[in-house]
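Report on the following structure.
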Amino acid sequence: MEKIDPRALEREKHQKKEGLRDLPGDTSKVVLRFAPNPNGPLSIGHSRGVVINSKYAENYDGKIVLRFDDTDTRVKPPLVEAYEWIEEDFEWLTGRSADIVVRASERMPIYLDRAEKMISEGHGYVCQCGAEEFRGFRESKTDCPCRDREIVESLEDWKTMNSGKMKEGDAVVRVRTDMSLPNPALRDWPALRIQHLPHPTVGDKYKVWPLLDFQSAVEDHEQGVTHIIRGKDLMDSTRKQTLLYEHFGWKYPETLYWGRVKVHEFGGFSTSGMSSSIISGEYSGWEDPRLPTLRALRRRGFEAQSLIDFWGEIGLTQKDISISMQTVESFNSKIIDKICERRFFVSNPVPIEIQSENKPNEAKIARHPDGEIPGMRKWEIDNLIFIQESDFIQGKLRLKDFADIEITGSDAEIEGEQRSDDRPIIHWLSEKISREARMFVPEGGEMRELVGLIEDFELRVGEVYQFERVGFARLDRIDNDVVELIWLHG
RNA sequence: GCUCCUGUGGUGUAGUACGGUCCAUCAUUCCGGGUUUUCAUCCCGGCGACCCGGGUUCAAAUCCCGGCAGGAGCACCA
């Protein structure tokens, strides 16, 4: 009887399934891709794509392609520096570089060749209807006049388009689907259009450029992509591209989607929106701590792992979600609390004169309270100390790791070094160790600035410290002897 | 208008393909308590949810029908 496992009698509680769900289809040689537009650096929204795709690549021992979708020179033109920024952001986040990096703009011959083939096989045609005009045909499910022209005529127009003799907007290459399709988005969708504006990296060599749906479809096939994971706003892209794949006789990759993501603290933002706010001077640059770019988060002191943990917890769902940075901060705290040294930062300092004659002349405070980082911070103590204005009272206080004091006016008497009662414990600074500091706190679109004194003990630029009773902040730089800190979180 | 996606606590998420083991999982927030010479970390406890209405069934978060709500696409942007 006693051999029966007693646990078998207990009611089993359901467990939360951990990790990402399995990828569908053939997973023997997985190839994934992350395809941003290089019109700015990566933001927190992009990080979901990077994290999820690279996690799957890791899980299945597959490959990940970083592809720059840079075939638009007019509406969202590429930013030359952004290619490099994105590669840096990708590496920061995943700890490695992508297996393959491709720029769509450098693969133009492949797309143009494919387009010509499509036209000559009758699966596509050159359409010279205006955008408005075609909208009417699409809505009324009627064929446009260009649709029934001979293939040779389309081919001739195709050559004219490429020669540069046709103006932008005069013609477009469409994929022949079916104008009576129930979903209007799929009816003879546009695949390539004319652009005369030079491309920032390849110049004015090409006059006809593919749109996303065509370029992406062809390139995914070229790279042997097996699984596409993208936003569900691109569901119709999948349907359009599937039609194209049928024309070409290719097998479309397995496709998974995530829903729309909003971040409470940042509201609605877009790369192009941020770009114009930076140009107008509203923000100092892409690294402005108020921005949701990965560069800004990195500058504030977020660990890449916090984002990996965060997106892993959210997983891959098609729900439109509204997330809070608080959750990311919580993951970050768990990581950095163990590795950050402690320091004091006294904002709005109030000077206090210690009157006691036999005061100790040195303070020793642990670098880390749990001994995760061994060693002590040692300071000299003179008679002059500073405490934070918000802590300033008339009465009894304990200067953390130093002494019990009683304040009268702006003088203080040391009552003893040992803690003698449960009076409030505050952080403080000796004048000998104080250095002027400013802490920048991003608050929505504003930047609050706290002026105060920092504990000048082995400070290093780029390091994240936990300021006791204040919170985490990163030492951004030292300007004219003034230490500049950027607030991370509590 | 047409096409499509999604609805589980404050915010996310597990469970939904094969209905019972779910008086519904876990994280985060919030509240309370403990450890701590930080208002940090850590530990313990608590509050809090299956969009609505029908139907099928002994039994529905799960299946069916009908609503409703939110989001997306229908760009010569990505």
Between the alpha carbon centres of the stretch A:94-173 and the stretch A:422-470 the gap in Å comes to 59 Å
Violations at 27 Å Cα threshold for listed pairs A:Lys29/A:Lys117; A:Lys55/A:Lys334; A:Lys63/A:Lys117; A:Lys117/A:Lys251; A:Lys165/A:Lys240; A:Lys29/A:Lys334 -> A:Lys29/A:Lys117; A:Lys63/A:Lys117; A:Lys165/A:Lys240; A:Lys29/A:Lys334
Candidate cut points under trypsin sites (Lys or Arg not before Pro) in the stretch A:419-490, DSSP loop plus at most 10 other Cβ atoms within 10 Å of their own Cβ, are A:Arg460
Chain A accessible area per residue, 1.4 Å probe, protein heavy atoms, integer Å², reads 49 Å²
Magnitude of the Cβ-charge dipole (Lys and Arg +1, Asp and Glu -1) of chain A about the Cα centre, nearest 20 debye, reported as 1880 debye
Residue separation between A:Glu362 and A:Glu282 times 0.36 nm, minus their alpha-carbon distance, gives in nm 24.2 nm
Karplus ³J(HN,Hα) for the stretch A:442-449 (6.51 cos²θ - 1.76 cosθ + 1.60, θ = phi - 60°; Hz, whole; x = Gly/Pro) runs x, 10, x, x, 9, 10, 8, 10
Summing -39500 (n - 2.57) over every DSSP H run of at least 4 residues in chain A and dividing by its residue count gives a helix-only mean residue ellipticity at 222 nm, to the nearest 500 deg cm²/dmol, of -8000 deg cm²/dmol
Candidate cut points under GluC sites (Glu not before Pro) in the stretch A:70-161, DSSP loop plus at most 13 other Cβ atoms within 10 Å of their own Cβ, are A:Glu81, A:Glu121, A:Glu150
Sorted by chain and number, the residues with a modelled amide H under 5 Å from that of A:Glu265, at a separation of 5 or more or across chains, are A:Met325
With DSSP loop assignment and no more than 14 other C-beta atoms within 10 Å, the trypsin sites (Lys or Arg not before Pro) in the stretch A:146-182 are A:Lys165, A:Lys167
For chain A, whose charge dipole is built from +1 on Lys and Arg Cβ atoms and -1 on Asp and Glu Cβ atoms, the candidate among A:Ser43, A:Gln326, A:Leu197 with its Cα farthest towards the positive end is A:Leu197
Contact order relative to length for chain A, counting C-alpha pairs under 8 Å separated by 6 or more residues, stands in percent at 11 percent
Residue by residue through the stretch A:462-467, the couplings from Karplus 6.51 cos²θ - 1.76 cosθ + 1.60 with θ = phi - 60°, in Hz, x for Gly and Pro, are x, 7, 9, 10, 9, 8
Classified through the alpha carbon gyration tensor (a ≥ b ≥ c as square roots of its eigenvalues; rounded if a/c is under 1.5, else prolate when a/b is larger than b/c, else oblate), the stretch A:103-156 comes out oblate
Judged on accessible area alone, 1.4 Å probe, highest first, A:Trp158, A:Trp250 line up as A:Trp250, A:Trp158
Reduced to Cα centres, the span from the stretch A:336-395 to the stretch A:256-335 in Å works out to 35 Å
Note, the stretch A:252-260: 3J(HN,Hα) by Karplus (6.51, -1.76, 1.60, θ = phi - 60°), whole Hz, Gly/Pro = x, goes 6, x, 5, 10, 10, 10, 10, x, 6
With +1 at each Lys and Arg Cβ and -1 at each Asp and Glu Cβ, the charge dipole magnitude of the stretch A:109-209 around its Cα centre, to the nearest 20 debye, comes out at 260 debye
Rounded to the nearest 10 Å², the 1.4 Å probe accessible area of A:Ile339 is 100 Å²
Expressed to one decimal in nm², the mean projection of the alpha carbon convex hull of the stretch A:109-209 is 6.4 nm²
Relative contact order in percent for the stretch A:337-436 (Cα pairs under 8 Å, 6+ apart) equals 31 percent
With a 1.4 angstrom probe the carbon and sulfur portion of accessible area for chain A, in percent, totals 46 percent
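The values are calculated or read from the model by the stated rules, or taken from the named source; none is laboratory data. No experiment lies behind these values; they were computed from the predicted model shown. No Cβ is skipped: glycine too gets one built from the backbone with ideal geometry, and neighbour counts run over all protein chains shown. Accessible surface areas use protein heavy atoms only, side chains included; no ligands, DNA or RNA. Shrake-Rupley method; radii C 1.70, N 1.55, O 1.52, S 1.80 Å.
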